[in-house]
1. Among the residues of the stretch 3-30, what is the count of those that are modelled with pLDDT under 85 and either among the small types (Gly, Ala, Ser) or in contact with a Leu (Cβ under 7 Å, 6 or more places away or on another chain) (or both)?
2. Any residue in the stretch 35-47 that is more than 19 Å from residue 21 (Cβ to Cβ) sitting within a Cβ distance under 6 Å of a residue that is surrounded by 10 or more Cβ atoms within 10 Å (Cβ to Cβ)? List the pairs, counting only those 6 or more apart or interchain.
3. Kindly provide the set of residues from the chain that are surrounded by 10 or more Cβ atoms within 10 Å (Cβ to Cβ), of a type outside the set (Phe, Trp, Tyr) and not in a loop (DSSP other than H, G, I, E, B), ordered by number.
Amino acid sequence: MSGEDLTSEQLAPPESNPELLGQTEAEEILLRAYNSGRLPHAWLLTG
């Protein structure tokens, strides 16, 4: 990790940050599946 490591107390909870940065391709895949009305029963999210 570059720079200073942050503790969990210093990080904002995910729900307070609606921006999805650096995941354009993954976002497009999820949106295509959602808009098709055929979402898989599960997704494997890593990273």
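1. Adding up the residues that qualify gives 5.
2. Taking only residues 6 or more apart or on different chains, the pairs are 39/33.
3. Filtering the chain for residues surrounded by 10 or more Cβ atoms within 10 Å (Cβ to Cβ) gives 11, 17, 20, 23, 26-34, 39, 43.
Then keep just the ones that are of a type outside the set (Phe, Trp, Tyr); that gives 11, 17, 20, 23, 26-33, 39.
Correct list: 26, 27, 28, 29, 30, 31, 32, 33.
The values are calculated or read from the model by the stated rules, or taken from the named source; none is laboratory data. Quantities reported herein were computed from a predicted structural model and do not represent experimental measurements. Note: ideal-geometry Cβ built from the backbone for every residue, glycine included; neighbour counts use all protein chains shown.
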